[in-house]
Amino acid sequence: MAKLDIDWLNVFVEVYRTQSVSRAAEHLGLAQANASIALNKLRAHFHDRLFVRTARGMEATPYAAQIYPEVEAAVRRLAELAGAPRLFDPATAQRQ
């Protein structure tokens, strides 16, 4: 299995959520250039563009949409195992 960096996967998840490399970088506390580099490494790893630029932002390719649920779950689980605080997601929150 080829090496994958968890930080690259975090970029993938944030670009998918925000539809923007710039906003993803901002959410992750990265320079936009570093987020772009991570995305390019993922593109090479998966042999897919993953996202295409449109008038509405970065749109996921069919392959990116297919792998997103598994990648997001893996990133979330690894964060839990590392003891990192979970990000608040209002779509899945059960708090009142």
Of all the residues that make up the stretch 13-56, how many are closer than 16 Å to GLU72 by Cβ, assigned to a helix (DSSP H, G or I) and in contact with a strand residue (DSSP E or B) (Cβ under 9 Å, 6 or more places away or on another chain)? 5
Please work out if TYR63 is open to solvent by 50 Å² or more (accessible area, probe 1.4 Å) and hydroxyl-bearing (Ser, Thr, Tyr). yes
Scan the stretch 19-26 and give yes if some residue there is acidic (Asp, Glu), open to solvent by 40 Å² or more (accessible area, probe 1.4 Å) and out of contact with any helix residue (DSSP H, G or I) (no Cβ under 7 Å at 6 or more places or on another chain), otherwise no. yes
Determine which single condition LEU9 fails, assuming it passes every other condition in (1) open to solvent by less than 60 Å² (accessible area, probe 1.4 Å); (2) modelled with pLDDT under 95. (2)
In this structure, is LEU42 of a type in the set (A, V, I, L, M), open to solvent by 60 Å² or more (accessible area, probe 1.4 Å) and under 15 Å from the mean Cα position of the chain (by Cα)? no
Matching residues in the stretch 57-84 - criterion: being modelled with pLDDT under 95, part of a loop (DSSP other than H, G, I, E, B) and closer than 24 Å to SER22 by Cβ: ALA84
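The values are calculated or read from the model by the stated rules, or taken from the named source; none is laboratory data. These figures come from a predicted structure and were not determined experimentally. Methodologically, a virtual Cβ is constructed for each residue, glycine included, from the backbone with ideal geometry; neighbour enumeration extends over all protein chains shown. With ligands, DNA and RNA removed, areas are computed over all heavy atoms of the protein, side chains included. Shrake-Rupley method; radii C 1.70, N 1.55, O 1.52, S 1.80 Å.
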